[in-house]
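Step one of this worksheet: look at the structure below.
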Amino acid sequence: MRIIGGSFRGTHLADPGAGDAAAHLRPTTDRVRESIFNLLINGRAGDLVRGQRVLDLFAGTGALGLEALSRGAAQVTFVDDGAAARALIRANIERLRAMGTTRLYRRDATDLGPNRGPGFGLVFLDPPYGKGLGELALASALAGGWLAPGAHILWEENAARIAPAGFALLDTRRYGDTHVTLLRLGAPEGSEDG
């Protein structure tokens, strides 16, 4: 695994090894990550990464958040409650020397509690597949004030997701067994409500 583009391009990330089965580590492949960032940077909505505060829920290795940082995100906050995942994230933050622009929280992404700072403009949501945890995490982030107005959510799952109430569906893509759904908080752009 490596950073695909931006200022840290080519930097190799810590090897998750065989992983911890209980940790549900399933790193996003380089190919899928590259496709995700093409969508986020070159999509119809313009560059959704540069200058954003990014929230990486179920962060795993931290590869998605660190790729965003490499491509111009202002700050990344990682959330994972697994010890193996947090160790990998810490190692990867150190490899990129990104301690000043990152935060790592040991929290259950489905029960975030209140956010004590400004909301995040871009959220990566990559829960263990097929357990309904993405819906719970998104509801928790919304209820706790973690999402900035108009925030974009990039959701990885094993099936396409429908937009929950209060969110607009912008795009869906499939890469093998990975389905990527791009949502926006609030009414679709150009609508009378937004």
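The values are calculated or read from the model by the stated rules, or taken from the named source; none is laboratory data. Everything numeric in this text was worked out from a predicted model, so none of it was measured. Here Cβ is always computed from backbone atoms with ideal geometry, including for glycine, and neighbour counts include all displayed protein chains.
The residues of the range 93-120 that are aliphatic (A, V, I, L, M) and surrounded by 12 or more Cβ atoms within 10 Å (Cβ to Cβ), listed by number, are 93, 96, 98, 104, 109, 112. For the range 142-162, name all the residues that are under 22 Å from residue 47 (Cβ atoms) and not aromatic (Phe, Trp, Tyr). Passing the criteria: 147, 148, 149, 150, 151, 152, 153, 154, 156.
Select, from 109, 98, the only residue that is closer than 26 Å to residue 162 by Cα and either among the hydrophobic types (A, V, I, L, M, F, W, C) or modelled with pLDDT of 95 or more (or both). None of the other options fit; the residue is 109. Where residues in the range 27-38 are modelled with pLDDT under 80 and among the polar types (S, T, N, Q), which of them is surrounded by the most Cβ atoms within 10 Å (Cβ to Cβ)? Going through the qualifying residues, I end up with 28.
Looking across the range 1-26, the residues that are modelled with pLDDT under 90 and either charged (D, E, K, R) or under 18 Å from residue 123 (Cβ atoms) (or both) come down to 2, 15, 20, 26.
Within the range 73-116, the set of residues being within 15 Å of residue 27 (Cβ to Cβ) and in a loop (DSSP other than H, G, I, E, B) comprises 80, 82. Residues of the range 122-144 that are more than 14 Å from the chain's Cα centre (by Cα), surrounded by 15 or more Cβ atoms within 10 Å (Cβ to Cβ) and part of a loop (DSSP other than H, G, I, E, B): 129, 144.
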